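Note sheet for the following structure.
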Amino acid sequence: MSEKNLKITLGECLENVHAKTPLVHNITNYVTVNDVANVLLACGGSPIMSDEPKDVYDITSICGGLNINIGTLNERSIEAMMIAGLRSKELGHVILLDPVGAGASMLRTKTAQSIVESVKPDIIRGNISEIKALIKGTGTTKGVDADSADSVTEDNLDDMVAFVKEVAAKTDAVIAITGAIDLVADADVCYVIRNGRKEMSRITGTGCQLSGIATAYAVANPDNKVDAVAAAVCLMGLAGEIGWSRMQEGDGNSTYRNRIIDAIFNMDAKTLEEGAKYEIR
Amino acid sequence: MSEKNLKITLGECLENVHAKTPLVHNITNYVTVNDVANVLLACGGSPIMSDEPKDVYDITSICGGLNINIGTLNERSIEAMMIAGLRSKELGHVILLDPVGAGASMLRTKTAQSIVESVKPDIIRGNISEIKALIKGTGTTKGVDADSADSVTEDNLDDMVAFVKEVAAKTDAVIAITGAIDLVADADVCYVIRNGRKEMSRITGTGCQLSGIATAYAVANPDNKVDAVAAAVCLMGLAGEIGWSRMQEGDGNSTYRNRIIDAIFNMDAKTLEEGAKYEIR
Amino acid sequence: MSEKNLKITLGECLENVHAKTPLVHNITNYVTVNDVANVLLACGGSPIMSDEPKDVYDITSICGGLNINIGTLNERSIEAMMIAGLRSKELGHVILLDPVGAGASMLRTKTAQSIVESVKPDIIRGNISEIKALIKGTGTTKGVDADSADSVTEDNLDDMVAFVKEVAAKTDAVIAITGAIDLVADADVCYVIRNGRKEMSRITGTGCQLSGIATAYAVANPDNKVDAVAAAVCLMGLAGEIGWSRMQEGDGNSTYRNRIIDAIFNMDAKTLEEGAKYEIR
């Protein structure tokens, strides 16, 4: 564990979000956008959405961060992503890219790659298939889920940690690869996170929600982005555990969705610190 | 009951969905899209959404079925519906059309008719007003709800069964007309289904959700589409009954929405078989 | 309290909505649209959504009211707002404008102003920053929330009551400014409303929901629009109080969202009358 990582705790990251109420501009898909807005409010941030090219320059200027999610992208929203991305970069705002479905279509792969090249996001969060498609132009994305052939396991963990650090170095971004085991890395350090539950994959948009939260966390902790994103990933996974523990007979994925957001709403620094399961490599 | 309908039970239809996790491409309205995604996950399927003409060819190619819902249609999404529809047809995928609001506007009526003619969907699901508008160019749609003058009742049931079989023969599609009494028919047989509760109409999008589920069921049961769609209709109605039985003092339509999706998440073949209320004519 | 305001009670306003099931056309943002639809159903209305310029003329013609919300506006939806607005005006329908984010971008401010000038809405509902931006071209909107420098307080209440009446006179509209204290006014009277809870601001879209409800209330009470909008504001705030009273250990903003809509679903005239906290100035 490098000295750098001792500068801030996960709990301090959370408290900075609560103290600063970071305003996040989201250009995101219309499937999960309501949950992204509510989870940003739950975690202590504030959301605003806009995807019209003539609107986003002004809107992103008053925010602290920009969350670009390419699910349900279209020609208009792609133009808006570029305008907002370049304006945010100019202002030194935090920019996160969530390359939903990269690898599943040419348009998604190329759009994600183009955003990485021209906007140079501070953070990229996706599943392993999406990150591979983005970087290598390969990877087999099964819809918006990672292909099971592409996964981070205890067996390939050393290789995957090396891979994610390499991608982070190449893109000069914090990379978050989420799945059964989550990896959050910059070029130097990699958080290996084992929070969460498999049932979270039966809810649409837990990944999109995490991208919103991670943006807010990085905005509120600008000098410690890798730690802030790791805190967000632990928070989401831990909320999945707490939410599941409150499930009752007859409850299913719709109630589980509510309970996860509720758990984020109620999370404090102590609970996050005690519940986070991670190691740093 | 023809021999054909003994080939598969409703419970077997459900088990095939659970076993195969059908991936469904949805081009659907932004009002209820999140519920459609969550209900597809709840029923054992997997959703992907895309409505950009330059994206849908690739996306639909990796799926097993296509669910076209014309609520909140626009010029861009109509183009996407056509591209995805023709590509899906080419690949032999299951295609369902939900003609939301056909009869309520010229654009909706014409778009639905155009999709029927050029894409030739395998399944059409709507309320009686929408189906009439689609087929006859008439019918009085009250917004997105069926006009009360247009309804399937015990009194006109024989006529309606004949009508739905006729529409099925004419369109070479499975037709599902949903309301207080639901009819699911091909040219030969008609399931008359009496599951569900009237309070379901106080939740937005139960019809849209059903269309998503019906697509997944038909994908997983390609040789028994009429039975698969009937199973989906029974599932949705039974989930409405189970969800209502879990309502507590002070609960309303928002909680009811969650409980219905939860009930679908927890449904097994035995519960579906025992709870389904239908006859075959 | 002027004689005018004794013509109808808040409870009568509610009962008229329940009796008439007003059909409301919503051109609204994709963030909170599902909640707007469900809350319209909860309050006794019926929602329909459409934002395609070629669709809205027909759709709005069959409705009783039009709810225009400029959150996530785009060039297409702005064109649709104008077409639907002018058609609704022609038919004498109730039109409400919710100028989400006016003041936060040039496009939003100008679009809201343009709708006020050309469509002349019957009702305008926003936070104080949005209303100031709309009228004065000033005001500092912090994203989609009012800036804390702009607020209605007990200290500036007399000035604010005069301001809102002045805006109502100038625009010939009922003006609803919502915040910790809510003001609903026409040129002559101003309801000062003290229902609601501060935690409602931790849920996305309670304002959007209120705009939908207020449209339905005005449609069902066409001769008493200021009272109808006041009833809607009291209803929303009271539902926030009732919903909060049902919160349990571990619940957060996602569950709170459901409980508020549930409370609206279950509201009757007596509960509204007894729970409404307002004075008329």
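Quick notes on this structure:
- Extreme residue, surrounded by the fewest Cβ atoms within 10 Å (Cβ to Cβ), among residues of the range B:79-103 that are within 14 Å of another protein chain (Cβ to nearest Cβ) and over 19 Å from the mean Cα position of the chain (by Cα): B:Glu79
- Annotation for the range B:166-178: no member residue is surrounded by fewer than 18 Cβ atoms within 10 Å (Cβ to Cβ) and closer than 30 Å to C:Val33 by Cβ.
- Selection over the range B:87-105 of residues that are more than 25 Å from B:Asp227 (Cα to Cα) and out of contact with any Phe, Trp or Tyr (no Cβ under 9 Å at 6 or more places or on another chain) gives a count of 4.
- Residue match in the range B:199-209 (condition: among the aliphatic types (A, V, I, L, M) and either within 16 Å of B:Glu130 (Cβ to Cβ) or under 10 Å from the mean Cα position of the chain (by Cα) (or both)): no
- Residues that are surrounded by fewer than 24 Cβ atoms within 10 Å (Cβ to Cβ) and either under 13 Å from C:Asn67 (Cα atoms) or touching a residue at least 60 places away in the same chain (Cβ under 8 Å) (or both), drawn from the range C:201-213: none
- Condition met for B:Gln248 (closer than 20 Å to B:Asn127 by Cβ and not small (Gly, Ala, Ser)): no
- The number of residues in the range C:53-63 being surrounded by fewer than 24 Cβ atoms within 10 Å (Cβ to Cβ) and in contact (Cβ under 8 Å) with a residue 12 or more places away in the chain comes to 4.
- Note on the range C:138-152: residues that are more than 14 Å from every other protein chain (Cβ to nearest Cβ) and either part of a strand (DSSP E or B) or at pLDDT 70 or above (or both) amount to 3.
- Test result for B:Asn253, over 18 Å from B:Gly11 (Cα atoms), more than 12 Å from chain A (Cβ to nearest Cβ) and buried (at least 17 other Cβ atoms within 10 Å of the Cβ): yes
- C:Val192 meets all of the listed conditions (1) over 19 Å from the mean Cα position of the chain (by Cα); (2) of a type in the set (A, V, I, L, M, F, W, C); (3) not in a helix (DSSP H, G or I) but one, namely (1).
- Any pair with Cβ under 7 angstrom, 6 or more apart, that starts in the range C:140-160 at a residue that is polar (S, T, N, Q) and ends at one that is modelled with pLDDT under 70: C:Thr140/C:Asp147; C:Thr140/C:Ala149; C:Thr141/C:Asp147
- So A:Asp262, is it acidic (Asp, Glu), within 7 Å of another protein chain (Cβ to nearest Cβ) and either within 18 Å of B:Ile261 (Cα to Cα) or without any contact (Cβ under 8 Å) to a residue 60 or more places away in the chain (or both): no
- For the range A:219-239, taking the residues that are within 14 Å of another protein chain (Cβ to nearest Cβ) and in contact (Cβ under 8 Å) with a residue 60 or more places away in the chain, the one that is nearest to A:Ile68 (Cα to Cα) is identified as A:Val219.
- Scanning the range A:218-250 for residues that are charged (D, E, K, R) and either crowded, with 24+ Cβ neighbours inside 10 Å or assigned to a loop (DSSP other than H, G, I, E, B) (or both) turns up A:Asp223, A:Asp227, A:Arg246, A:Glu249.
- Every residue from the range C:16-41 that is among the hydrophobic types (A, V, I, L, M, F, W, C) and closer than 19 Å to A:Asn34 by Cα: C:Ile27, C:Val31, C:Val33, C:Val36, C:Ala37, C:Val39, C:Leu40, C:Leu41
- Being buried (at least 19 other Cβ atoms within 10 Å of the Cβ), acidic (Asp, Glu) and at pLDDT 95 or above is true of B:Asp122.
- Selected residue [hydroxyl-bearing (Ser, Thr, Tyr) and not in a helix (DSSP H, G or I)] from C:Thr204, C:Thr215, C:Thr255, C:Thr271: C:Thr204
- Boolean, B:Ile242 is within 14 Å of chain A (Cβ to nearest Cβ) and in contact with a Leu (Cβ under 9 Å, 6 or more places away or on another chain): no
- Residue match in the range A:44-60 (condition: within 15 Å of A:Val116 (Cα to Cα) and either more than 7 Å from every other protein chain (Cβ to nearest Cβ) or within 14 Å of the chain's Cα centre (by Cα) (or both)): no
- Candidates A:Ala216, A:Ala173, filtered to the one that is among the small types (Gly, Ala, Ser), under 16 Å from A:Leu10 (Cβ atoms) and in contact (Cβ under 8 Å) with a residue 40 or more places away in the chain: A:Ala216
- The combined condition, being under 25 Å from B:Asp51 (Cβ atoms), crowded, with 23+ Cβ neighbours inside 10 Å and away from chain B (no Cβ under 13 Å), is not fulfilled by A:Leu73.
- Residue within the range C:184-193 that is at pLDDT 95 or above, of a type in the set (Ser, Thr, Tyr) and either out of contact with any strand residue (DSSP E or B) (no Cβ under 7 Å at 6 or more places or on another chain) or farther than 30 Å from A:Ser61 by Cα (or both) present: yes
- Some residue of the range B:14-36 being among the charged types (D, E, K, R), surrounded by 24 or more Cβ atoms within 10 Å (Cβ to Cβ) and more than 19 Å from A:Arg257 (Cβ to Cβ): no
The values are calculated or read from the model by the stated rules, or taken from the named source; none is laboratory data. All values derive from a computational prediction rather than experimental measurement. All Cβ positions, glycine included, derive from the backbone under ideal geometry; neighbour counts span all protein chains shown.
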